[in-house]
């Protein structure tokens, strides 16, 4: 049994999956496997995977069922103690797995990295900014601070949280539930992935965002983590922005109440963590104000 199972959902990825797999293999320890699930592709994805000649890669093909079902099936198809994620259109950067495994061996349950973005304009190189496990849950109450394809985690932590659920933002939903259960999630400052940005991504869709912002299961997972960390249930900020039950003043008042409790919860965190979280909290208020203003203009 390999120690690490890298799970790769793939759908119509013939043009990118070969380079994605080769970059992963170059960085991957020998005691590891890559399992690709071809989710009903209609192009040459399967042939592109077959062309990567390495005994650490295996592929399963079946009819299309969607990414969340594919990820859950990949968990069932693998048995590595450690589960890593990779997307069929990204590239692993050198040293990713070595650094992540070091963090796992140091006591983390799930380890992410920052990313270099590419594919649309100039590459985006992040400021080296890690997130300590003690601070990760608070970051989740503001936004999803990590790219799914950078995940490396203990299988037990994923399974104990219930695995992936078939809903929008299945990754963020899982992080919320893992954090609520007390799992130690962390983000390393150095980038471990070149993350491809393109207009066809599901997350670029307004319909996808709306489905995520209105999903009841995701709202419940968020509220549970808020109660654990700031002492009271809360509404996700994106969901608050489109809540028709509140006018503009009511939305800002609810956010300011959340911000007060959030700020109080920062006591005991490091000075640098407090600065980062307060800055992000201010950015989220500005975002909410802008969204409310856009909505009021449209309504006129």
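Just so you know, all these numbers are worked out from the coordinates, no wet-lab data involved. Keep in mind the model is a prediction, meaning the values are calculated, not measured.
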A student asked for the Cα radius of gyration and Dmax of the stretch 205-299 in angstrom ought to give 14.1, 43
The stretch 51-172 -> Rg/Rh from Cα coords, Kirkwood Rh, value 0.95
Across 77, 185, 37, the residue with the highest GNM fluctuation in the chain (Cα network, 10 Å cutoff) is 77
Share of Cα-Cα pairs in the stretch 126-174 beyond 14 Å, whole percent, is 62
From the Cα centre of the stretch 229-300 to that of the stretch 19-74, the distance in Å is 40
Residue-normalised 222 nm signal for the chain, counting each DSSP H run of n ≥ 4 as -39,500 (n - 2.57), nearest 500 deg cm²/dmol, is -14000 deg cm²/dmol
Taking every alpha carbon pair in the stretch 159-256 and sorting the distances into 10 angstrom bins from 0 up to the bin holding the longest one, the percent per bin comes out as 14, 36, 37, 13, 1
The chain: relative contact order from alpha carbon pairs under 8 Å, six or more residues apart, as a whole percent, is 17
Among the Cα-Cα pairs of the chain, the proportion with separation greater than 24 Å, in percent, is 54
For the stretch 1-88 the translational diffusion coefficient, Stokes-Einstein from a Kirkwood Rh over Cα pairs at 4 °C and viscosity 1.567 mPa s, in µm²/s, is roughly 102
